[in-house]
Each structure stands twice: as C-alpha cells, then as structure tokens.
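Following: one structure in structure tokens, then a few remarks.
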Amino acid sequence: MPASFSVFKDETRLDINYVPSSLPHRQAQLRFLHQLFRFAIEDPGEMTQRVLIVGNVGTGKTVISQRFGFDITKEAEKRKINLNYVHVNCRECKGSLFMILQRVILKFIPNFPRRGYSAEELLQTLMQILDERNTYLILCLDELEALIRSEGSDPVYSLTRVQEERLNAPQRLSLLCILREPAYLKELDPSTRSTLQRNLIHFEEYSKPQLQDILNDRVDLAFRNGTVFTPTVELVAELASMEGGDARYAIELLWRAGKYADASNMKEVSPECVRKAATTVYPVVGKEVISSLNLHEKLLLLGVARHFKQASTVYMSMGEAEDAYAIVCEEYGKKQRGHTQLWKYVNELSALGIIKTELSGVGQRGKTTYISLPKIPASELEQELTKALHTKRR
Ligand code: ADP
Ligand code: MG
C-alpha cells in the first residue's frame, strides 16, 4: 500500500456546510415548508409569511432550510419571478439586527457602504432595494436566539411591521426563523409569537436507524469503496443517538474516525477508529474511575476490552464476556466469581458509563444482554486496566 493511501475519496462531503441532495427522514418537513411558502411562486406580492423551525442541535434545521431555499428560488426562476432566499446566522452576526441587515443588503449591493446607517434606515433601504428590483425575499434567521438575547423582541417586530406600514405596496419580505429553544418565543411580542406558533415545524431528534441512513449516504459520497463497513456506521449512529440524535456529531465522528484510520495507515475505518475519535470529541472516562473499580470489575472489564480490541463487531454477548473474564482470571491467578455477581458488575460498569448494555431485540429467542464499548478505545482501556491491576498486585 502506498504511503499516500487515504480512506477518503472526497472529504468535503462531510463538511458542515455541505448541502447534500438527498436528505433522508426530512421529506415531510421539506414538503410542509414548500406548502407554507407556495404563495411566493404562485401569487408573489399578495402576502408574506412567517415560519418557525424548532429542534435540537444536529436535527437538520440549517441544512433543510438551505435546501428549501435553493429549491424554491430555482422554481421561482423557472416562473420568471425574482425570489431571493438569504440565510443569515444571527450568532455569527453577534445578535445584531444592524449586522444582519448589512449582510442581506450586501447580497444585493456588494459595495454598499458599511457605515453611516442605523438598523432602522437599513431596513428601509432593504425594502427600497426590493421595490426597485421588483424582488421578493425570504430571509432565514438562523439561531434566532442570539438576536432575541441581545436585542429582545424589537428586531423581529420591526421586520414584520415593515410590511404593514407599506399600505397598498406589494408584500416582499417573508421570514423563516430557526430556534433551538422554543422558550425564546415567550420573549417575542404576542402577535409575532402567535403567527410563528401557528407555522411551527418541529424537528425531532434522529433515531439510531435514521442516523444510519444519513451516515450511509455520506459514506458513499466521502469514502472509498470497501473502507467503511456496517459495524462502524452502526457504532457512530449509536454514539450520536446517545448524544441526543445529533447528526452533526455523527458526521464529525465519522470524519474523525476516517482521519484516525489515515493517520494510522489503516485501509479500513474500523469501530476502534470510531472509539478513538470519540475520545477526542468527548472526555475519556477518568483514570480515577478505573482505579476505583474493585478487582473483579477490573478483571471483567479487561476481558471486555481485549475482546473489542480484536473484534470488528460492536456488541458482545454476556456469555462472551464471561468467557473473556474467565481467561483473564486464569492469567491473574484469581478465582472466578459466579454468574449473579458478574451481572452486578456489568450493571455497575454500565451505570458508570464505561460500557453500555442492551437486551437483544424482539424476535430473537430468549433474552440476552449485549455489551458494547461505545466511548473508550479498547486499547487504551486495556492499557489503563493493566496498569491499575499491576499496581494492585505489587
Ligand atoms: P442543526 O442546524 O439542526 O443544528 P444541521 O442542519 O447543521 O443541524 O445538520 C447537522 C449536520 O447533519 C449537517 O452536516 C447536515 O448536513 C447533516 N444532516 C442533518 N440532517 C440530515 C439529513 N436528513 N440528511 C442528510 N444530512 C443531514
Ligand atoms: Mg444550525
């Protein structure tokens, strides 16, 4: 294998700003957005709209609104309607209406002077530009909490009022707001709040299978054939669903795991690469936790760690864990504890967040407990445990 081998064929497809053409599990939300804004391509100028998307981090709020923006402006173009979609992140604009409006105006007039205007004047200027160019605008205010936090309800209020003050003039400015925390709605004036609540689209957190679908698409786009297999995708999805169904974390973890594989000259992104990558995103289980375990918990965990260091699967059964534990006991010259006792240890380790346990799914005969090691690289855990056991022995 040449030294320059990479598991990636196109890393940019894992970039946070990349907008994929396929967006699994969000088609209903996309359709609903198009429905709410249908007037913009059918009767532009007759009305405007205010819509709110709410959802946790990594639920696709940003990417879906951008996809919507591309699609609706393309449709408008076909119909010879001047419709613009401008996506502004309020946090990047430091929660300032002035900066937000400046960004919007710069899209239309790239050399617009950056000084000498108030926010109120910029808003009037924007409306004037839209009139002069006979253009309609859907303004997306992403991470709206930043704007509300620093300037209260006034900015959103002015953005909606500016239409109403223009009697008999065409309606030009619609808002698509994005919030993570719906509690911020309370801060808005009653009329804006009730409109937004009527047009609220909630994005649920992704489930593990949904995350797997999203990840599989990205694997095809970003990685070379035969470098990422199902167990790896499954583990990434598992970890991301534990982090609240966060697709951003999932994609970042996949990318880091690939980077790790490249750095270690591997030709496959194994589950162990994912565990390694996970420790760079989240803190490792502390050494104190490991050394606080009792002797047989350590021995059991060492068996588990050794198993996962070898295996390319994500789960091991309770039976396999017992076997691995037996081998370790023999090596350390310790008498094995009974089945019931091991159960208690497994529960304890799971409560500490070191391992994860799951009952086998329905349809399978009998119920077996499956153990996974989602957060800690097995090799590091093994090292840590060997050290801890060695100290003890002395
Ligand atoms: P949010 O804005 O809700 O925090 P993003 O829209 O930034 O989340 O999504 C996070 C990451 O996950 C982005 O890389 C995005 O492309 C990806 N993503 C989210 N939902 C989907 C989906 N349904 N299909 C494909 N990729 C998705
Ligand atoms: Mg976002």
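General remarks:
- Between Asp323 and Asn134, the contour length at 0.36 nm per residue exceeds the Cα-Cα span by 60.6 nm.
- Per-pair calculated FRET efficiency, R0 = 35 Å: Gln310 and Ile16 via Cβ, rounded to 0.05: 0.50
- Sparsely packed trypsin sites (Lys or Arg not before Pro) within the stretch 19-62, loop by DSSP, other Cβ within 10 Å at most 14: Arg38
- Phe108 sits among other residues whose Cβ lies under 10 Å from its own Cβ, and their net charge, with Lys and Arg +1 and Asp and Glu -1, is +1.
- For the stretch 287-393, the solvent-accessible area of protein heavy atoms averages 53 Å² per residue (probe radius 1.4 Å; ligands and nucleic acids excluded).
- Nearest-10 value in Å² for the accessible area of Ser191, using the 1.4 Å probe: 70 Å²
- Sulfur and carbon atoms: percent of accessible area, the chain [1.4 Å]: 48 percent
- Net lengthening on full extension, Asn82/Val57 (0.36 nm per residue, minus Cα-Cα): 5.8 nm
- Only helices enter this figure: runs of n ≥ 4 DSSP H residues, each worth -39500 (n - 2.57), summed and divided by the residues of the chain, yield -16500 deg cm²/dmol at 222 nm to the nearest 500.
- Calculated translational diffusion coefficient of the stretch 27-203 (37 °C, 0.692 mPa s; Stokes-Einstein with Kirkwood radius over alpha-carbon pairs) equals 201 µm²/s.
- The stretch 157-219: trypsin sites (Lys or Arg not before Pro) falling in loop per DSSP and having at most 12 other Cβ within 10 Å: none
- Per residue, the solvent-accessible area of the stretch 42-197 (1.4 Å probe, heavy atoms of protein chains only, all protein chains present) comes to 48 Å².
- Neighbour-limited loop hits for chymotrypsin sites (Phe, Trp or Tyr not before Pro), the stretch 121-229 (at most 15 other Cβ within 10 Å; DSSP other than H, G, I, E, B): Phe229
- Annotation for Ser150 and Leu106: the two label points, set 7 Å from Cα along the Cα-Cβ direction, are 1.4 nm apart.
- Put a dot 7 Å past the Cα of Trp343, heading toward its Cβ, do the same for His34, and the two dots end up 5.4 nm apart.
- Charge tally around Asp246: other residues with Cβ under 11 Å, Lys/Arg +1 each, Asp/Glu -1 each, net -2.
- Modelled this way, with points 7 Å down the Cα-to-C-beta line, the labels at Met47 and Leu295 are 7.6 nm from one another.
- In the context of the full set of protein chains, the stretch 206-278 has a per residue accessible area of 37 Å² (1.4 Å probe).
- The chain pair-distance distribution - Cα-Cα, 20 Å bins, rounded %: 24, 41, 26, 9, 0
- Extension gain for Asp213 to Ser118 (0.36 nm times residue separation, less C-alpha to C-alpha distance): 29.5 nm.
- Solvent-accessible surface of protein heavy atoms, probed at 1.4 angstrom with all chains present, puts His25, His87 in the order His25, His87, largest first.
- Per-pair calculated FRET efficiency, R0 = 56 Å: Ser194 and Ser360 via Cβ, rounded to 0.05: 0.70
- A Förster radius of 35 Å combined with the Cβ-Cβ distance from Lys334 to Glu268 puts the calculated FRET efficiency at roughly 0.45.
- Cα convex hull, the stretch 287-393: 99 Å³ per residue, rounded to a whole number.
- Taking GluC sites (Glu not before Pro) in DSSP loop states with no more than 11 other Cβ atoms inside 10 Å as exposed sites, the chain has its longest site-free stretch at 166-394.
The values are calculated or read from the model by the stated rules, or taken from the named source; none is laboratory data. Values in this document were obtained by computation on a predicted structure and should not be read as measured data. Neighbour counts are summed over all protein chains in view; Cβ atoms, including those assigned to glycine, are modelled from backbone coordinates with ideal geometry. These area figures cover heavy atoms from the full protein model, side chains too; ligands, DNA and RNA do not enter into them. Shrake-Rupley method; radii C 1.70, N 1.55, O 1.52, S 1.80 Å.
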